[in-house]
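Structure first, commentary second.
The values are calculated or read from the model by the stated rules, or taken from the named source; none is laboratory data. Since the model is a prediction, treat every value here as computed from it, not as a measurement. Note: ideal-geometry Cβ built from the backbone for every residue, glycine included; neighbour counts use all protein chains shown.
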Amino acid sequence: MRSIRFYKEVREARLLDPLSGFLLEAQPIEVRLDPLTGSPSRINVRRAERLRKASPAYDARFREAIEDSKKNCYFCPDSLERLTPMFPKDFVPEGRMRLGSARLFPNLYPFAEHHAVAIFTEVPHFLEPRDLTPSLLQDCFALALDYLRLVASKENPRPMYGSINWNYGPPAGASILHPHLQILADGTPTKQVALLIKESEEYWKRDGSSYWEDLIEVEKKLGERFIAERKGIVWLASYAPQGNGEIMAILREMSSLTEMDEGCLKALCEGLYAILKFYQARGVKSFNMASFSGRALEGSRSFSLIFKILSRPEPRPFYVSDAGFMERFHGEAVVDTKPEDLAKELKAFFR
Ligand SMILES: [Zn+2]
């Protein structure tokens, strides 16, 4: 707790607003830095008012696109066996993995040494966020964990860094609407995971305690961004979010995905489902999720396993993206909701 600092600076932008008869207006812009990594986030709550009347209902054009995409979906039962890749026999003798309603197979165009796709269920082809029930989530996430454990055991003693990721909806980068996870494992961590591990280790050396445990303690005390704690998983609105509606889950007392047991997975899926229901109520139809995991099969005291989820814009015929030059080139996120307001709203969904 000693070194946790919630840095914030409020800047003001002045303009004559055409919507109020060109009266002088000063809009506050909060520039926040992530307490661990220093990653910046710019919050202007007025941006939420822009053309942002998202409705919880799916509009007719998007419904049409869903129907259309069903005709040549690789993940639907007619195509899955014929058109999705299989693992080599020495890796998975049956070619593809299955658990309950979930299926897992290699990504056809991988960008990691081990890169699999897991679909939540073969039918129906499309599920709205609120339809992704805890039991569907649990099958798919458990299968993803089985795959990561298999990779870790096959590669052992080589270090392996795995992640479970989700692009849901076209604005989140999903090329296929049929809901699916992407599971990656490589011999080296991603840039962000490497940074989190390094900063956590430095904090540990400097302060003699875990940054993540200290963060939980201070966030609980402040109460502004703390949402809930269930079975060792703490749910928080990120202080300096990298996107709108960003929530993080800190899994206490574990640092790697391979350490997750059934009870922990169940609690994770229930928490994710609460967020998905909240997203649906807010009109969110697209989101990204990722895990940040330490080295497989090896515990760390300085680092904790983390999941993050954030919302993306509403799918529209002329594809809307909220990642512009600030996010893609300058490495600064522009956000329209205060994390404290987000946490306040979300608490009801965890009750
Ligand atoms: Zn499908």
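Structure values in brief
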item	result
Test: residue in segment 45-64 that is in contact with a strand residue (DSSP E or B) (Cβ under 6 Å, 6 or more places away or on another chain) and either at negative phi or assigned by TED's automatic domain parsing to the domain that holds Tyr239 (or both)	yes
Subset of segment 102-132 (residues that are within 15 Å of the ligand (Cβ to nearest atom), over 15 Å from Ile164 (Cβ atoms) and outside any loop (DSSP other than H, G, I, E, B))	Arg103, Phe105, Asp131
Positions within segment 272-292 being within 13 Å of the chain's Cα centre (by Cα) and of a type in the set (S, T, N, Q), in sequence order	Ser286, Asn288, Ser291
Only listed residue being surrounded by 14 or more Cβ atoms within 10 Å (Cβ to Cβ) and of a type in the set (A, V, I, L, M, F, W, C), chosen from Leu33, Leu24	Leu33
Residues of segment 151-172 satisfying the condition of being surrounded by 15 or more Cβ atoms within 10 Å (Cβ to Cβ) and in a loop (DSSP other than H, G, I, E, B)	Pro159, Met160, Gly169
Pairs, first free of Cβ contacts under 8 Å to residues at least 60 places away in the same chain in segment 122-134, second part of a helix (DSSP H, G or I) and within 10 Å of the ligand (Cβ to nearest atom), C-beta under 6 Å, six or more apart	Glu122/Pro77; His125/Lys70
Boolean, Thr84 is more than 30 Å from Leu108 (Cβ to Cβ), within 27 Å of the chain's Cα centre (by Cα) and among the polar types (S, T, N, Q)	no
Scan of segment 314-336 for residues that are among the basic types (Lys, Arg) and closer than 23 Å to Glu64 by Cα, ordered by number	Arg316
Residue among Leu99, Leu80 that alone is surrounded by 15 or more Cβ atoms within 10 Å (Cβ to Cβ) and either under 17 Å from His178 (Cα atoms) or within 16 Å of the ligand (Cβ to nearest atom) (or both)	Leu80
